[in-house]
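Student: My structure is below; once you've seen it, I'll send some questions.
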Amino acid sequence: MLKKYFSSSIGKKQTVAVTGFMLILFLIMHLAGNCFIYAGPETFNKYAATLESLGPVLKLIEWALTAVFAIHIAFTAMVVIENKKSRPVGYAASHYKERSLATRLMPYTGIILLVYICTHLFDFTFADTTTAISIFQNHQLGLYGLVVRSFMNPIKLVWYLIAMSAVGFHLSHAIQSLLQTFGVSHPAYTSFFRKLSLGLGVGIALGFSIIPLYVWFYIVPTLI
Amino acid sequence: MNETLHLTLKVWRQKDGHSKGHFETYKADNIDSHASFLEMLDVVNDRLAIQGIEPIAFDHDCREGICGACGAVINGRAHGPMSRTTLCQLHMRNFNNNDTIVIEPFRAKALPVVKDLVVDRSGFDRILSKGGFVSVRTGGTPDANATPIAKTKADLAMDAAQCIGCAACVAACPNAAAMLFVSAKVSHLALLPQGEVEKKERVTNMVAQMDQEGFGNCSNEYLCEAACPKGISITNIARMNRQYLASSVIPA
């Protein structure tokens, strides 16, 4: 029966939706954590250290998150491949004028995010925070210093902003989509859900994007 | 006021399901602006027949917008540019003189072309055969209000029952999904007490058949709702999603 559910079109979509929902929750927590950067190096590094001190619990969360990502991507890939096959001969006249940019870009913003997450993990998660890179004005600023140093690189800054725009586009479609997929829909609320989706998507993307700009325009001039 | 239009048609011609199709360009001169789209095709076909060219095959029946037989993609839109309109109810006054009109069949793996603009919609019949009915005994004609049904529910059921199975939803869907059609059929029966009894088997079996037919997966873009000549709402799809999940967790 489980096999039947997970191989059905609706089952696959609901799997994508539930994993997507978990990823959105993770993103919101991640954003909340990132905001410690506004409190300065000590608080930010202390937050990072507190997370590290969770030890095996953190490892468990990380593995669970990886699994959620993998399921989200695998099921999406299956759905996208099936959808491509379901219309072997396309239309000559343009058919998709009403499609929003976010929905059209969905698989592509997803791919950008996947690539971004890989670079992000190597930049911050797996990186050594005790090297000279993190030293500013003879102070070893740990992860805080590493973040600042990364965003001093204009290529990394622009790549980060591109990835965050992808987050914005991805989520602005995703949030209303997951509600619909789980059957939360009512003529009176549907337009609100779509606005909520756009607002939350853009809001989360802006929340993340302000941080490197804050680093570039505010922190860097004070440290250098 | 009657006007006459001079149009250029780019029409998909395909001999049969095994042949490769292609576009042919035809001139459609002196078309009455009050003609329906299908009447325009009739006129063009008469002229083609005189020239010894095989007329364009297209499906049609009632020509009143209620049977669901007609349908083609006109300039990229299922049933043409007017909302809540079947192709037979689309009138040529909605086009301008010297327009070029691209006419294509509904495109989906599960709706294979039979000839020209005619597609095989028997997939819909097979989906209906899996649950588009009520098999419990409901007795003879009941007295009015013997089975109380809330007005709001009755309205929702009637709204869903308006689906004429034309397949414009599949044609308009970027993924060629049949969710709007199936959800309308699932909803209109499940909302009423006579159909509610079998709602779990119905949604499970109809979705299974829908998948087997090779329709795509819904990605919540709602182009189906925009194309539907009967204005079937995507809240039906949400209802089907809920029912499918519920009947997967606790089967009938």
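Student: Quick one: how many residues across the range B:221-241 are among the charged types (D, E, K, R), modelled with pLDDT of 95 or more and closer than 23 Å to A:L101 by Cα?
Tutor: The number of residues fulfilling the criteria is 1.
Student: Same structure again: Show me the helices (runs of 4 or more DSSP H) found entirely inside the range A:129-224 where at least 2 residues are under 20 Å from A:H30 (Cα atoms) and among the aromatic types (F, W, Y).
Tutor: On the way: elements: A:142-152, A:154-181, A:190-214, A:220-223.
Output list reads A:142-152, A:154-181, A:190-214.
Student: Go through the range B:238-249 and count every residue that is more than 7 Å from every other protein chain (Cβ to nearest Cβ) and closer than 23 Å to B:I164 by Cα.
Tutor: 2
Student: Scan the range A:1-30 and report the pairs whose first residue is over 24 Å from A:S209 (Cα atoms) and whose second residue is of a type in the set (F, W, Y), with Cβ atoms within less than 6 Å and a gap of 6+ or a chain change.
Tutor: Going by the 6 Å Cβ cut-off, the qualifying pairs are A:I10/B:Y244; A:G11/A:Y5; A:K12/A:F75; A:T15/A:F75; A:V16/A:F75.
Student: Given A:V57, A:V79, which one is surrounded by 16 or more Cβ atoms within 10 Å (Cβ to Cβ) and not charged (D, E, K, R)?
Tutor: A:V79
Residue-wise test of (1) more than 18 Å from A:Y160 (Cα to Cα); (2) of a type in the set (A, V, I, L, M); (3) modelled with pLDDT of 90 or more.
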position	(1), (2), (3)
A:I111	no, yes, yes
A:Y116	no, no, yes
A:H120	no, no, yes
A:F124	no, no, no
A:T131	yes, no, no
A:S134	yes, no, no
A:L143	no, yes, yes
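Student: Hey, another quick one. Residues being facing chain A (nearest Cβ under 9 Å) and out of contact with any helix residue (DSSP H, G or I) (no Cβ under 7 Å at 6 or more places or on another chain): count how many of those fall in the range B:227-237.
Tutor: 1
Student: From B:T204, B:T152, grab the single residue that is within 12 Å of chain A (Cβ to nearest Cβ), outside any loop (DSSP other than H, G, I, E, B) and without any contact (Cβ under 8 Å) to a residue 12 or more places away in the chain.
Tutor: B:T152
Student: Then there is this: Would you confirm, using the coordinates I've provided, whether B:I66 is closer than 21 Å to B:R121 by Cα, surrounded by fewer than 17 Cβ atoms within 10 Å (Cβ to Cβ) and among the aliphatic types (A, V, I, L, M)?
Tutor: Answer is yes for this residue.
Student: Could you list, in sequence order, the residues of the range B:5-23 that are under 20 Å from B:F95 (Cα atoms) and surrounded by 13 or more Cβ atoms within 10 Å (Cβ to Cβ)?
Tutor: Across the range B:5-23, the qualifying residues are B:L5, B:L7, B:T8, B:L9, B:K10, B:V11, B:W12.
Student: Which of the residues spanning the range A:1-46 are hydroxyl-bearing (S, T, Y), surrounded by 13 or more Cβ atoms within 10 Å (Cβ to Cβ) and facing chain B (nearest Cβ under 9 Å)?
Tutor: A:Y5, A:S8, A:S9
The values are calculated or read from the model by the stated rules, or taken from the named source; none is laboratory data. As the structure is a prediction and not an experimental result, all values here were calculated from the model. Ideal geometry is used to build each Cβ from the backbone, glycine not excepted, and the neighbour counts take in all protein chains shown.
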